[in-house]
Structure formats: structure tokens, C-alpha cells
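Heads up, the thing below is written out as C-alpha cells.
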Amino acid sequence: MINTEDWQFKFLLREIKKSSKIDVEMYKENFLRRRIGIKMRDRGIESYYEYAKLIKDDEAELNSLLNTLTINVTEFMRDKMPFECFKDLLLPQIIEKKEKSGSRLIRIWSAGCAYGEEPYSIAICALEFLKDRDEKYTFSIYGTDIDKNCLKNAEIGIYPKKSLKNLSKWQVINYFYEIDGSYRIKDEVKRVVKFRYHDLTNEETFSKFFDVIFCRNVVIYFSEEQKRRALRNFYDSLLNGGFLITGRSESMLPSFLGKLKAINTTEKVYQKFPFRA
Ligand SMILES: C[S@@+](CC[C@H](N)C(=O)[O-])C[C@H]1O[C@@H](n2cnc3c(N)ncnc32)[C@H](O)[C@@H]1O
């Protein structure tokens, strides 16, 4: 016989489907329970039935839930080009500016980092960039996410072979140890990345100033208001002239176009205006 909690859970999934037209039942039940549980705890709600009533009347909450239900699909150097753009186009400009200011610290934020593949990819690019240079620069890379389980795994840094498919053989050998068919990121890469919990739909800024922010494939299901909040957060967290890289299929809100100027429309790279520090 189906128990009350299971019945309420099924009821909630039907409500989500009715309100959003997204069939969330395609996701694994454990995954759904974990994600929905996070949202319920945030709102101080204890039953699936109560939460179903809330999302029926509160569109922002529904959008926020849908966002957290987007699977944590990611891989090293996902889409490749944004990382090449970061290494070949952005880093030389950043270094040139640092030379003038005398600063030796480069800060990067990977917002919505899932299991850590994105911030570790950024770290690999940074190490490769520095390899043939004499200058001593320090990279500080932050990976943040709303999913604590992702963050825990990101800190451990062990990955299946398939998530490394965009890396060259050389990169795999140089930056990973192979252990029983899985790949552990080396300490050299790990050392430059810190993981933190952070919710982009929250008002709170991250209280650091960044040279580059990556936020790719995260805000797709955000409501316009939530997206505005995230963009405001990014804008406030960037140094003047700092760069924001979004997902290829994502669009910039028109109200930010004067403040975050598109410098690469294919890879969706924006620069904070004014460009000078
Ligand atoms: C599809 S993954 C993207 C990972 C990586 N950025 C990439 O492009 O490969 C989306 C990630 O965003 C996270 N996320 C969703 N809502 C968030 C929020 N409000 N604040 C921070 N992270 C969030 C999810 O937990 C998930 O790990």
C-alpha cells in the first residue's frame, strides 16, 4: 500500500508537471527527493503536500525549484571554446593590466560549478598559461554551487573517464592520477580551487572581486527577476574591466547591456564597463 509521504510526493510531482509542463518524473527519485528537500528546508516546509500548494501559487518558487532540478550535467572543458577564449584572449589582457597595477593575484569565480569540472578546467588553463612564463602570478579560483552533495564530490575530485573526453592525452597524464579506471585530480590543480556553498538567487554577493566569472548553463530556468539578481551579483563582484562568460544559448538581459558589454557574441563573453580600474 502506498504511504502518505509517497502519495504526497507523487502529488507534488504531478503539480510540478501541471504548472511547468516539465515532466520531472524522468529524473531519478532519490535525486528529486534530495533537490526538493533542499528547497523545502529553505522555506521551512515539512510536507510535500504543503510544498505543492506553495508552488501552485508562487511562480518564483516554482522557477527556483525547476532551476535546482536541472541536472548537474557537466564535463571538463565543456564546449572547449570558452576555455580557449579564457586562456588565449582574456588572460593576456588581464596580465597586461596586472603588470600596470603591480598586483599578482588573479581571481576567478565558477558560479554553479556542479561537481567541479569547470573550476578545475579553469585551473588547468591557468597552469598551462603560466607554464612558459617567468612571471609569478597566483590564481585563486572559487567554485560555488547550491548543491552540497556536488560540492562534497568536487572537493574529493575523482571523476569517471567519460568526463575527461575533451582533454588531451597529455592533460590527462599531467593533471590526473588513474585509480582503478577513475581519475583523481592532482594536488597541483586542487590547490588553486576552493569550493563554497552559494545560492545565486539570494541577494548576498560573494564579497570578493573577480577578474573573470564563469556562469554557464545555470540560470537557464531562472525567472527574469532571479536572473536580474544573479547578474547584479556578478556585476558587483567583478573588477572594472572584468569578464563574465555565460552559456552559449543564454541571452543577456537588455538592462545590463550597457554595463556588461559583449566582446565575443558567439562565446557569450561580456566585459564590465567601465573597462579601466
Ligand atoms: C548544468 S550544471 C552547470 C555546470 C557547469 N557550470 C557547466 O556549464 O558545465 C548547473 C549547476 O547549477 C547549480 N545551481 C542551480 N541553481 C543554483 C543557484 N540558485 N545557485 C547556485 N548554483 C545553482 C546546480 O546545482 C548545478 O550544479
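Of all the criteria given as (1) free of Cβ contacts under 8 Å to residues at least 12 places away in the same chain; (2) in contact with a strand residue (DSSP E or B) (Cβ under 9 Å, 6 or more places away or on another chain), the one not satisfied by SER251 is (2).
Filtered by the rule that a residue be more than 19 Å from ASN72 (Cα to Cα), surrounded by fewer than 17 Cβ atoms within 10 Å (Cβ to Cβ) and not aromatic (Phe, Trp, Tyr), the stretch 158-170 gives SER168, LYS169. The set of residues in the stretch 134-171 that are among the hydrophobic types (A, V, I, L, M, F, W, C), within 15 Å of the ligand (Cβ to nearest atom) and either more than 30 Å from PHE206 (Cβ to Cβ) or in the same structural domain as ILE108 (by TED's automatic domain parsing) (or both) comprises ILE141, ILE146, CYS150, LEU151, ALA154.
Kindly indicate whether TYR27 is over 22 Å from ASN72 (Cβ atoms) and touching a residue at least 24 places away in the same chain (Cβ under 8 Å).
no
Is one or more of the residues making up the stretch 188-202 within 13 Å of the ligand (Cβ to nearest atom), among the hydrophobic types (A, V, I, L, M, F, W, C) and closer than 21 Å to GLU59 by Cα? There is at least one residue in the stretch 188-202 that is within 13 Å of the ligand (Cβ to nearest atom), among the hydrophobic types (A, V, I, L, M, F, W, C) and closer than 21 Å to GLU59 by Cα.
The combined condition, being within 13 Å of the ligand (Cβ to nearest atom) and surrounded by fewer than 21 Cβ atoms within 10 Å (Cβ to Cβ), is not fulfilled by ASN174.
Within the stretch 67-111, the residues that satisfy the criterion of being open to solvent by 10 Å² or more (accessible area, probe 1.4 Å) and of a type in the set (Gly, Ala, Ser) are SER101, GLY102, SER103.
Quick grid of which residues meet (1) of a type outside the set (D, E, K, R); (2) modelled with pLDDT of 95 or more; (3) within 8 Å of the ligand (Cβ to nearest atom):
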site	(1), (2), (3)
LEU62	yes, no, no
LEU65	yes, no, no
VAL73	yes, no, yes
GLY102	yes, no, no
ILE108	yes, yes, no
ALA111	yes, yes, yes
GLU117	no, yes, yes
ALA126	yes, yes, no
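For the stretch 211-223, the set of residues classified as closer than 28 Å to ILE38 by Cα and crowded, with 16+ Cβ neighbours inside 10 Å consists of ILE213, PHE214, CYS215, ARG216, ASN217, VAL218, VAL219, TYR221, PHE222, SER223, listed by residue number. Considering (1) within 16 Å of the ligand (Cβ to nearest atom); (2) at pLDDT below 95; (3) surrounded by fewer than 21 Cβ atoms within 10 Å (Cβ to Cβ), the lone condition that LEU130 does not fulfil carries the number (1). For the stretch 135-157, does any single residue satisfy the condition of being surrounded by 18 or more Cβ atoms within 10 Å (Cβ to Cβ) and among the charged types (D, E, K, R)? Yes - at least one qualifying residue is present in the stretch 135-157. When each of SER64, SER20 is tested for being touching a residue at least 24 places away in the same chain (Cβ under 8 Å) and surrounded by fewer than 18 Cβ atoms within 10 Å (Cβ to Cβ), the lone residue that passes is SER20. Return the only residue of GLY247, GLY242 being touching an Asp or Glu at 6+ places or on another chain (Cβ under 9 Å), at pLDDT 85 or above and over 18 Å from LEU69 (Cα atoms). Checking each option against the conditions leaves just GLY242. For VAL219, state whether it is within 11 Å of the ligand (Cβ to nearest atom), in contact with a strand residue (DSSP E or B) (Cβ under 9 Å, 6 or more places away or on another chain) and among the β-branched types (Val, Ile, Thr). So VAL219 fits the description; yes.
Yes/no per residue for (1) at pLDDT 95 or above; (2) in contact with an Asp or Glu (Cβ under 7 Å, 6 or more places away or on another chain); (3) hydrophobic (A, V, I, L, M, F, W, C); (4) surrounded by 13 or more Cβ atoms within 10 Å (Cβ to Cβ):
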| site | (1), (2), (3), (4) |
| --- | --- |
| ASP180 | no, no, no, no |
| ILE185 | yes, no, yes, yes |
| GLU225 | no, no, no, no |
| ARG232 | no, no, no, yes |
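Under the condition of being modelled with pLDDT under 90 and over 20 Å from HIS198 (Cβ atoms), the residues counted in the stretch 250-265 number 3.
The values are calculated or read from the model by the stated rules, or taken from the named source; none is laboratory data. These numbers come from a predicted model, not from an experiment. Note that we place each Cβ from the backbone using ideal geometry, even for glycine, and neighbour counts take in every protein chain shown. For accessibility, only protein heavy atoms count, side chains too; no ligands or nucleic acids. Shrake-Rupley method; radii C 1.70, N 1.55, O 1.52, S 1.80 Å.
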